[in-house]
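Reading through the structure tokens given below for one structure.
Coordinate-derived values only; no laboratory data. Not measured: the values here are computed from a predicted model. Heads up, the Cβs are rebuilt from the backbone with ideal geometry, glycines too, and the neighbour counts pull from every protein chain shown.
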Amino acid sequence: MKIGFGYDSHRLVTGRKLILGGKEIPFEKGLLGHSDADCLIHAVCDAVLGAIGAGDIGRQFPDGDPAYRGISSLLLLERVGKLAAAAGYSVGNVDCTVVLEKPKLAPHVGEMAANMAKVLGISAARVSVKAKTNEGMGLVGAGEGAAAFAVAIVEGGETP
Ligand code: MG
């Protein structure tokens, strides 16, 4: 087994959809980024990529590449899962936390987990999504953006 960790953050701005865990969440602002800016999925991608020793999402999907402009991050996670499978790994489980002051995400975490499990080809019970606020502290607490943390376990692969 190997473990990987991922972190990401994106700024909240007007004129963008708020998409987290592959779910569009009704809100007056959305996350700014080259793709759909789904920082939760980006953190999960980095956790899986870290576990398989394949760098990070910026290396796999450069944000200067027009192919990834506006792309659903679920598609990126699906590709990450395929990279892991191609290297002989299966994803054991993923645990992640998204930090956002508003809106409340708790009603959506089940669907987020199901979305990510589906593209990874694993059972929803293997993906845990937690949502927190930053208790009003710092830039995330002030509503300037969202942050996310993730860990993933993978099994298999080459044993050197
Ligand atoms: Mg990102």
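Net charge around residue 124, counting only other residues with Cβ within less than 14 Å of its Cβ (Lys, Arg = +1; Asp, Glu = -1)?
+1
Is the shape of segment 38-109 best called rounded, prolate or oblate, per the rule: a/c under 1.5 gives rounded, else a/b larger than b/c gives prolate, else oblate, with a ≥ b ≥ c the square roots of the Cα gyration tensor eigenvalues?
It comes out oblate by the Cα gyration axes.
More than 24 angstrom separation, counting every C-alpha pair in segment 54-152; what % is that?
Of the Cα pairs, 31 percent sit more than 24 Å apart.
Which residue, 141, 51, 22, has the largest displacement toward the positive end of the dipole of the chain when charges sit on each Cβ (Lys, Arg +1; Asp, Glu -1)?
Ranked along the dipole, the leading option is 22.
Please give the charge dipole size of the chain, origin at the Cα centre, charges +1 on K and R Cβ atoms and -1 on D and E Cβ atoms. Round to the nearest 20 debye.
240
Could you tally the net charge around residue 98, taking each other residue with its Cβ under 9 Å from the Cβ of residue 98, Lys/Arg +1 and Asp/Glu -1?
Summing Lys and Arg as +1 and Asp and Glu as -1 gives +2.
Would you mind ranking 11, 69 by Cβ crowding within 10 Å, fewest neighbours first?
69, 11
Just to verify a number: FRET efficiency for residue 118 and residue 17, C-beta to C-beta distance, R0 = 30 Å, to 0.05?
That gives a FRET efficiency of 0.90.
Do you know the relative contact order of the chain, to the nearest whole percent, from alpha carbon pairs under 8 angstrom that are 6+ apart?
After rounding, I find 33 percent.
Which value, in debye to the nearest 20, describes the size of the charge dipole of segment 1-62 about its Cα centre when Lys and Arg Cβ atoms bear +1, Asp and Glu Cβ atoms bear -1, and nothing else is charged?
Computed charge dipole of segment 1-62: roughly 40 debye.
Taking neighbour counts of Cβ atoms within 10 Å as a proxy for exposure, in what order, fewest first, do 65, 95 appear?
Final ranking by Cβ density, sparse to dense: 65, 95.
Calculate how many DSSP beta bridges within the chain are antiparallel, expressed in % of all such bridges and rounded to the nearest 5.
80
With each label point set 7 Å from Cα along the Cα-Cβ vector, what nm distance links residue 67 and residue 128?
About 3.5 nm, to one decimal.
If neighbour count is taken as other Cβ atoms inside 10 Å, put 24, 78, 135 in order from fewest to most.
With the fewest neighbours first, 24, 78, 135 line up as 135, 24, 78.
Using a cut-off of 10 Å between beta-carbons, work out the net charge of the residues near residue 13 (Lys and Arg +1, Asp and Glu -1, residue 13 not included).
Overall, the nearby charge balance is +2.
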